[in-house]
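Read through the structure below, which is laid out as structure tokens, and then see the notes.
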Amino acid sequence: MVFTVGVLSLQGGFSEHLVSLKRAAVHLQRNVECIEVRTPQELSTCEALIIPGGESTTLSLVAQQSGLLEPLRDFVKQKRKPTWGTCAGLIFLSEEATSTKRGGQELVGGLDVRVHRNHFGRQKESFVTNLELAFLQDSSVTDKPPPFPAVFIRAPVVDKVLTDKVEQTPTAPVEVLAVLPGRHASNKAALTGDEASVQPQGDGDIVALRQANVFGTSFHPELTDDIRVHVWWLQQVFMASTPN
């Protein structure tokens, strides 16, 4: 049986994700068809989807023009299929965003968070840092996986978890998977009361999180030779698709 995973290919770094996905599928010895998604028809064939980095305002505009905005919302929030957003994709999958361009932008949603766009500054302030990703234990041969080379390019961070968000159907809590410690500690997510339970120990910026079927990262795993995050995500996708 062929398992179809799509990468939204309206703009941005979709080709790099496709390469990493194919390598991850080979690593897992799974029969995965990795396709570019530009139409509602192509989206309908997918069991899971990656929304890549790029320019989130442009991504939103092209999705509207392509008739994909509502199908994407249905895919993520109604069908609840596994979806991963990197950088601009994380913004697109958030319920709210700040520092948007005048007039705001349409979002798909699915993550009950507010993100701050371009939190780490302009393109010239991009950086690579070793990030501890404990969740990669699931795709590592060691108990403590080595640090991941995380690439940050005009990246967003979560600045609030919307615990008061009212949904039509109950959703899982937001699970913080990684923080970038120290570097921008003064800008850490303002979590108070019940929200504090999702904040890991120590100061830092939230740069990876998950809620039910939606996974988001501020950084770009597809811009490295390290496929561990893609392997881990495909493992989660396969587990979600396996009947109990």
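Bear in mind these aren't lab numbers, they're just calculated from the coordinates by the rules spelled out. What you are looking at is a predicted structure, and each value in this text was computed from that prediction instead of being measured. FYI the Cβ positions are ideal-geometry reconstructions off the backbone, even for glycines, and counts take in every protein chain you see.
If I model a spin label at R30 and T163 as a point 7 Å from the Cα along the Cα→Cβ vector, what separation in nanometres do I get?
Rounded to a tenth, the inter-label distance reads 3.3 nm.
Counting only other residues whose beta carbon sits under 12 Å from that of G13, what net charge do I get with K and R as +1, D and E as -1?
-3
Name the long-range amide H neighbours of A208: under 5 Å, sequence gap of 5 or more, or other chain; modelled H, no Pro or chain starts.
L177, A178, S218
In sequence order, what are the phi-derived ³J(HN,Hα) couplings for segment 15-29 according to the Karplus relation 6.51 cos²θ - 1.76 cosθ + 1.60 with θ = phi - 60°, rounded to whole Hz, with x for glycine and proline?
5, 5, 5, 4, 4, 5, 4, 5, 5, 5, 5, 5, 4, 7, 6
As an exercise, use a Förster radius of 25 Å and the Cβ-Cβ distance of A172 and Q235 to find the FRET efficiency, rounded to the nearest 0.05.
Details: r = 18 Å, r/R0 = 0.72.
According to the calculation, E is roughly 0.90.
Would you tally the net charge around V76, using a Cβ to Cβ cut-off of less than 12 Å, leaving V76 out, and scoring K and R as +1, D and E as -1?
Residues close to V76 contribute a combined charge of +2.
Which far-off residues, 5 or more places away or on another chain, put their amide H under 5 Å from the one on E95, with H placed in the peptide plane?
The answer is G110, L111, V113.
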